[in-house]
Amino acid sequence: MAFPSGWGRKQKITIDNTKVSGSADLTDFPMLITLDHLDNTIVDTGLTSALNGGGDVRFSSDSAGATQLACEVVNFVTDATPANRKCEIWVKIPTVNHNVDTDIYIWYSKTGEMQPAVTATYGRNAVWANFQGVWHMGTTTDSIGNSHDLTTFNAPTLTDGTFGSALTFN
């Protein structure tokens, strides 16, 4: 079935315009979605929660789901114990308004779904189309598909950084 047919639930996420820096709208803005943005029912492993791993998670810029948004699910763990839940999802927002709140919608609760292929229209690479390289903390894989793999720097090692963990390159 095509999106959003068959998705059991959705939640609105509002981007507060007073948190948007500058005096112009942001275009093709990658936004980080964390647990702070989500209702507990999305990640609590209940009957209507998202699938562990986020295979059924999709985003749209409208409540009807007519305009799907590209996303990259980096980490998504559902669990009955709140301390074990994790969410790091990047969503490409076409326009974030600087003077009016912007709403997007997360869709979830569809058994058997998987994230689109990384090269698909709404897959991972589309989130980062305007970037030369994107690496998430703790990984050496380039998220944009340009094969800028950090392992070519003589096997970076995980070390303590200023704000937590960091990678050291030889």
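Points worth noting:
- Extended-chain gain in nm, criterion 0.36 nm per residue less alpha-carbon gap, T48 and T111: 21.7 nm
- Within the accessible area of region 1-128 (1.4 Å probe), percent carbon and sulfur: 50 percent
- Anchor K86: lysines whose Cα lies under 20 Å away (excluding residues fewer than 8 positions away in-chain): K10, K12, K110
- Where labels lie 7 Å past Cα in the beta-carbon direction, separation of A66 and A83 in nm: 4.7 nm
- Protein-only accessible surface order, largest first, of D160, D16 at 1.4 Å: D160, D16
- Under 18 Å from K19, Cα to Cα: aspartates and glutamates that are on another chain or at least 8 residues apart: D28, D36, D101, D103
- Accessible area per residue for region 73-126, computed on protein heavy atoms with a 1.4 Å probe, is 49 Å².
The values are calculated or read from the model by the stated rules, or taken from the named source; none is laboratory data. Everything numeric here is computed off the predicted structure, so don't read it as measured data. Note that each Cβ is placed from the backbone with ideal geometry, even for glycine, and that neighbours are counted across all protein chains shown. Areas reflect the complete protein model, heavy atoms only, side chains present, ligands, DNA and RNA absent. Shrake-Rupley method; radii C 1.70, N 1.55, O 1.52, S 1.80 Å.
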